[in-house]
Amino acid sequence: MKRLFGVAKVPMYGLQLGEQGTCEHYHSEFDIAGLKCRECQRFYACYQCHDDLEKHQFVPTAKQSREPAVLCGHCGNLLTFARYKEGHCPSCGSAFNPKCALHESVYFS
């Protein structure tokens with residue numbers, strides 16, 4: 001499933017994708033960050049959705065990258081890793097799930 005986010009209509013993909021980027025794997029009110037796979041350059045609700053829907057495994061983005069690697073599912077703002085690590089979207093103030101730090105090495109290298 002694909003939904004478009006923000007004014008720029010940035011697509012996010014996932015299984016049972018909610019209006020703010022939640023998915024069948026992660027669906028709390030804080031699970032609103034779409035993460036970008038470096039291989040396919042698509043934002044996914046989570047690595048499990050990615051791996052279920054693509055023909056390759058999720059490839060992490062470099063932490064130092066200046067390219068946006070995160071999509072806020074609340075407002076559609078694009079963030080670098082550094083901005084994402086602040087714990088909330090700088091545009092709308094929505095909080096990201098702090099437990100995502102447990103999977104940081106899956107999404108960022």
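At 10 °C and a viscosity of 1.306 mPa s, what translational diffusion coefficient does Stokes-Einstein give for the chain, taking Rh as the Kirkwood radius over Cα pairs? Give it in µm²/s as a whole number. Show your work: numbers first, answer last.
Working: Rh = 13.3 Å.
Rounded to a whole number, D works out at 119 µm²/s.
Rounded to the nearest 500, what is the chain's calculated 222 nm mean residue ellipticity when only DSSP H runs of at least 4 contribute -39500 (n - 2.57) each, over all residues?
Working: 3 runs with 15 residues, N = 109.
Rounded to the nearest 500, the figure is -2500 deg cm²/dmol.
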Heavy-atom accessible area per residue - the chain, 1.4 Å, Å²: 56
Region 11-60: relative contact order as a whole-number percent, Cα under 8 Å and 6+ apart: 36
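Within 12 Å, Cβ to Cβ, of Ser65, how many net charges do the neighbouring residues add up to if Lys/Arg are +1 and Asp/Glu are -1?
Residues near Ser65 contribute +4 overall.
What FRET efficiency comes out for Glu104 versus Thr80 if R0 is 22 angstrom and r is the Cβ-Cβ distance? Round to the nearest 0.05.
Numbers: r = 14 Å, r/R0 = 0.65.
Given R0 = 22 Å and the Cβ-Cβ separation, E is 0.95.
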Those aspartates and glutamates that a straight Cα-Cα span of less than 12 Å connects to Lys55, excepting residues fewer than 8 apart in one chain: Glu39
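The values are calculated or read from the model by the stated rules, or taken from the named source; none is laboratory data. Everything numeric in this text was worked out from a predicted model, so none of it was measured. A quick note on method: Cβ atoms are made from the backbone with ideal geometry, for glycine too, and the neighbour counts reach across all protein chains shown. Side chains are part of the model used for accessible areas, which takes the heavy atoms of the whole protein and leaves out ligands, DNA and RNA. Shrake-Rupley method; radii C 1.70, N 1.55, O 1.52, S 1.80 Å.
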